[in-house]
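Working notes, structure below.
The values are calculated or read from the model by the stated rules, or taken from the named source; none is laboratory data. Note that the structure is a prediction, hence the values are computed from the model and not measured. For neighbour counting, all protein chains shown are included, and Cβ atoms are generated from backbone atoms with ideal geometry for every residue, glycine included. We work out accessible area using only protein heavy atoms, side chains counted, and drop any ligands, DNA or RNA first. Shrake-Rupley method; radii C 1.70, N 1.55, O 1.52, S 1.80 Å.
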Amino acid sequence: MRVLLLLFVFAGSCIVVSASEPTEVRTWTSTGGQTVEAQAARVDGNYVVLSIEGGRMVKILMTKLVAGDRELLRKHFRIGEVQGSGDPQATGLPYPLGEVSGPIQTPEGSNYLLYIPNSLKKGRKVALLFYTHSGGGSPKLLKDIAEGAELCSWIMAISVESKNNTQPGENLRHSKNCVKHILDTLPVDGERVYFMGNSGGGATAFSNAAHIEAAGVMSNVAYVPTGVDPKANDFFIIGGGKDFNGYHAAAARRRFGDKAVHRMHPGGHGVSPAWLMIDGMFWFEGRYLARERATYSGEAKDFDASMVQWLKTKQQDQPYRAYATARFLMDEYRMVGAGKAAVRQL
């Protein structure tokens, strides 16, 4: 017992994870084989607080306990369980959930493909991610990033006509027609429209944000067209290490200052990796909710729950990505309550 007690740490203030009753008195075993008879009073952050005979309270790092003891603590104190809003799934929409629909034609003759997530809640207006691709729209481009739409509960659409070798004014016209039609027919918050595109489609995304109310822009291996002044709160700039537009991406990051982040991948020109675009959706959602949490409390609860579950699935096969996302959730999104405690544990 003496050796195990040497592992205790007097920590400063910690977020209390547990709200359950203490465990029964039992034998706890360290990874080194030492044991102690004690009652687990609660879990604080990464520590378990043990109540030893005589009323002595000590804090021990949970990682110093054997796997079976850690699992018992997780189950007893329900560590890592984060409850969502409990709001029901949306119903009665003109298009099915969880699949790509379209092409859908606007009254003006523009066309777009649409993805409505299964995670969409009834009566809730959500963000729209509007995609302009250098080669035009295709279902695969939406399917590749559907995971992000589900986790953030975003509606996504991609223009069919907007592409390279089409006049910029025409690309903007098609984008305006599509966005207006979506706002008129679907539960989208008009203040939360995000434009995204790769290469020339990224240039169109910047142009769209200069002429259509936008919350943010995600550009992939792209550039800001000369004379275009995008108006948005957040910019997620993706550049490729071997991309000939790489310096344009870096210049965009510098131009937008604290409103922007510059993420890199080792590839060249083309569509950026899907996981980076999904990370961009996390970034936008977290940044927005950090500013508007009180207004979107139900959405924040669902985002917390979905992100904690996502981190659990990624911490083994994509640990660096999971860690970077966890740091963002703690430092910029400023996760609170059970969500914060669960991320700290992970």
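If you check 301, 314 for being among the basic types (Lys, Arg) and in contact (Cβ under 8 Å) with a residue 12 or more places away in the chain, only one passes: 301. From the list 37, 71, 81, the one residue that fits, being modelled with pLDDT of 85 or more and acidic (Asp, Glu), is 37.
Look at the stretch 187-198: where a residue is over 17 Å from residue 116 (Cβ atoms) and a partner is of a type in the set (S, T, N, Q) and open to solvent by 10 Å² or more (accessible area, probe 1.4 Å), sitting 6+ places away or on another chain with Cβ atoms under 7 Å, you get 197/204; 198/134.
The requirement of being farther than 23 Å from residue 236 by Cα and in contact (Cβ under 8 Å) with a residue 24 or more places away in the chain is satisfied by residue 177.
This table checks each residue for (1) open to solvent by 20 Å² or more (accessible area, probe 1.4 Å); (2) farther than 18 Å from residue 185 by Cα; (3) not in a loop (DSSP other than H, G, I, E, B).
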| position | (1), (2), (3) |
| --- | --- |
| 58 | no, yes, yes |
| 69 | no, yes, yes |
| 84 | yes, yes, no |
| 87 | yes, yes, no |
| 92 | yes, no, no |
| 95 | yes, no, no |
| 107 | yes, no, no |
| 117 | no, no, no |
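Count of the stretch 307-337 residues, restricted to those that are closer than 16 Å to residue 290 by Cα and part of a helix (DSSP H, G or I), is 9. Which of the residues spanning the stretch 119-138 are open to solvent by less than 20 Å² (accessible area, probe 1.4 Å), within 30 Å of residue 223 (Cα to Cα) and within 25 Å of the chain's Cα centre (by Cα)? Those that are open to solvent by less than 20 Å² (accessible area, probe 1.4 Å), within 30 Å of residue 223 (Cα to Cα) and within 25 Å of the chain's Cα centre (by Cα): 126, 127, 128, 129, 130, 131, 132.
Taking the stretch 326-342 as the range and being open to solvent by 10 Å² or more (accessible area, probe 1.4 Å), of a type outside the set (Gly, Ala, Ser) and modelled with pLDDT of 90 or more as the test, the residues that pass are 327, 328, 330, 331, 332, 334.
Every residue, every condition in (1) among the aliphatic types (A, V, I, L, M); (2) within 29 Å of residue 180 (Cβ to Cβ), yes or no:
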site	(1), (2)
224	yes, yes
235	no, yes
242	no, no
249	yes, no
262	no, no
265	no, no
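So which of 239, 268 ends up being open to solvent by 10 Å² or more (accessible area, probe 1.4 Å) and farther than 20 Å from residue 323 by Cα? None of the others qualify; the one that does is 268.
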